[in-house]
Amino acid sequence: MNSISNIIDWFVNIGVLNMAMIALIYLTVFAVLGLFLVLLERKVAAWFQLRIGPNRVGYLGLFQTIADALKLVSKELTGTVKADKFLYNLAPYFVIVTSLMALAVFPFTQDLQAFDINIGIFFLIAISSVGVIGILLGGWSSNNKFALIGAMRSGVQTISYELSVGLSLLTMVILTGSLQLSEIIEVQKSGWLIVQGHIPAIIAFMIFMISGTAETNRAPFDMVEAESELGAGYHTEYSGMKFAYFFLAEFINMFIIAAIATTVFFGGWLSPFGITDSLPWLGLFWFLAKTFVLVFLMMWFRWTFPRLRVDQLLTLEWKYLLPINLVNLVIMAVIVWLNLIIQF
Amino acid sequence: MGYFSNIYHAIGTLLTGMKVTGKYFLNARKGAITQQYPDNRDTLKMFERFRGEVVMPHDENNEHSCTGCQKCEIACPNGSIEIIWDRIIVPETGKKKKAIDQHIFHLGMCTQCGLCVDACPTDAIKWGQNFENSVYDRTQLTRILNKPGSKVRAGVEE
């Protein structure tokens, strides 16, 4: 009994109500953000293909994805007869919850950080690979061969590219000496890490963007849902809001990858050359501006490059990215040891 | 050293691709190929090669150049063209001559293959640029291409 009351005390002390409110705000903001990322993707895709894109619903088509979401909410939730019902229903929540959990640790600006954990980067890497369990569950339980193939490919891809994500971030952690995200930002007050770490940092950034794109299962690494081969991949059998969860999670994951890159390589909410240091709330603007530039870069990748074959995917990771990453890690260690970093 | 030159070339080709799409992205505003169809109905002009329907151009004297040779009717794979013809007596020479009464074109059956237009020796039939072909009644898709009272242009047959 005593231990239970201790736990309750602990919950009350840290403020369950506060936590719930923060969680609710984050949930709302990022659900809307996810919707607008979908819209942005469609617009950017249209511009890359010399089209116009959605421009009918609302001013300049701004409410297109909101209308789409409303439509998806009103759709019937279908499933296959032989589906494993429990896992089938669980899978979308796995995917969306893990991607929303990752958002908690980002410092959007100086004081706007929900959860300043001292192993922030480790948490992000760990959480981002939990999402693949949701994909595997969805693919397995929906009793559909396309979904299963998609899910298995996702497993292969995420397990391989997880290494590169981890190692490229580790390269930067050598420079910062801390896994805590607020600490990492603090270090960058004397120059963004991509400048401080110069050559190895740029290589690490390139590797991170490549493997990050693979982590989010987006083109050119979209073998997971490869429309031309697998229907819709792991979410072939999902409809309505459950499908929307998968879809939303993909876009929030893209935002997360871009936000990690912003935090670790481009100084997070710090303004370039400290031009707006007197206005701390502008940090949010700088964070989002940098993140959206990187999101745009990922969209640019998507609408330029053709899809890789699965053997090419594994060759790229195991023969190129991983060895380069390991060498890069050593180079970075030597540079930090000899204090060759560039600081202002 | 093939390993490193591979990486170098890979990055080079990727950047080339991104340059191409980047150019498209920047020009998307003025170069968009999308036609916002019902809105630009008045200004929309179909391109030269567009195959909307088969038409028979008539000049200002209400004359066409169809001699009634029926090559189009033979060329049509699914019988979309029917030609009702007759022999008329040419007043100048007193000889009998083949002339069309009605050139019937069934748009409802036409697959826009273009064999009739290719087969026509006198360029009497052409592709029209009209694409708003929906009607409420199927019979309206059967069109008589030669206008009433029209006749073949003199000198086409030679």
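A few notes on this one:
- Residue in segment B:58-73 that is touching a strand residue (DSSP E or B) at 6+ places or on another chain (Cβ under 9 Å), closer than 29 Å to B:T139 by Cβ and assigned to a helix (DSSP H, G or I) present: yes
- Filter pass, A:S154 being surrounded by fewer than 21 Cβ atoms within 10 Å (Cβ to Cβ) and touching an Asp or Glu at 6+ places or on another chain (Cβ under 9 Å): no
- Output for segment A:37-64, where each listed residue is more than 14 Å from chain B (Cβ to nearest Cβ) and surrounded by 14 or more Cβ atoms within 10 Å (Cβ to Cβ): A:L37, A:V38, A:L39, A:V57, A:L62, A:F63, A:Q64
- Any hit, segment B:90-104, residues being touching a residue at least 40 places away in the same chain (Cβ under 8 Å), in the same structural domain as B:L145 (by TED's automatic domain parsing), touching an Asp or Glu at 6+ places or on another chain (Cβ under 6 Å) and of a type in the set (S, T, N, Q): no
- Failed criterion for A:F285 (all others in (1) touching a helix residue (DSSP H, G or I) at 6+ places or on another chain (Cβ under 9 Å); (2) surrounded by fewer than 18 Cβ atoms within 10 Å (Cβ to Cβ); (3) among the aromatic types (F, W, Y) hold): (1)
- Against the numbered list (1) crowded, with 18+ Cβ neighbours inside 10 Å; (2) out of contact with any Ser or Thr (no Cβ under 9 Å at 6 or more places or on another chain); (3) more than 14 Å from every other protein chain (Cβ to nearest Cβ), A:P272 comes up short only at (1).
- Residue within segment A:66-85 that is over 30 Å from A:I174 (Cα atoms), under 20 Å from the mean Cα position of the chain (by Cα) and not small (G, A, S) present: no
- Note on segment B:1-42: among residues that are of a type outside the set (D, E, K, R) and over 26 Å from A:F48 (Cβ atoms), the one that is farthest from the other protein chains (Cβ to nearest Cβ) is B:M1.
- Options A:I194, A:I121; residue that is within 20 Å of A:W269 (Cα to Cα), at pLDDT below 85 and among the β-branched types (V, I, T): A:I194
- As a summary of the residue check, B:L44 satisfies the conditions (1) hydrophobic (A, V, I, L, M, F, W, C); (2) more than 34 Å from the chain's Cα centre (by Cα); (3) part of a loop (DSSP other than H, G, I, E, B) except for the one numbered (2).
- A:A226 vs. criteria of a type outside the set (V, I, T) and either at pLDDT 85 or above or touching a strand residue (DSSP E or B) at 6+ places or on another chain (Cβ under 9 Å) (or both): no
- Residue among A:K71, A:K82 that is basic (K, R), out of contact with any helix residue (DSSP H, G or I) (no Cβ under 8 Å at 6 or more places or on another chain) and modelled with pLDDT under 85: A:K82
- If you go through segment A:92-109 and pick out every residue that is within 14 Å of A:L248 (Cβ to Cβ) and crowded, with 21+ Cβ neighbours inside 10 Å, you end up with 8.
The values are calculated or read from the model by the stated rules, or taken from the named source; none is laboratory data. Here the structure is a predicted model, which is why all the values come from computation and not from measurement. Ideal geometry is used to build each Cβ from the backbone, glycine not excepted, and the neighbour counts take in all protein chains shown.
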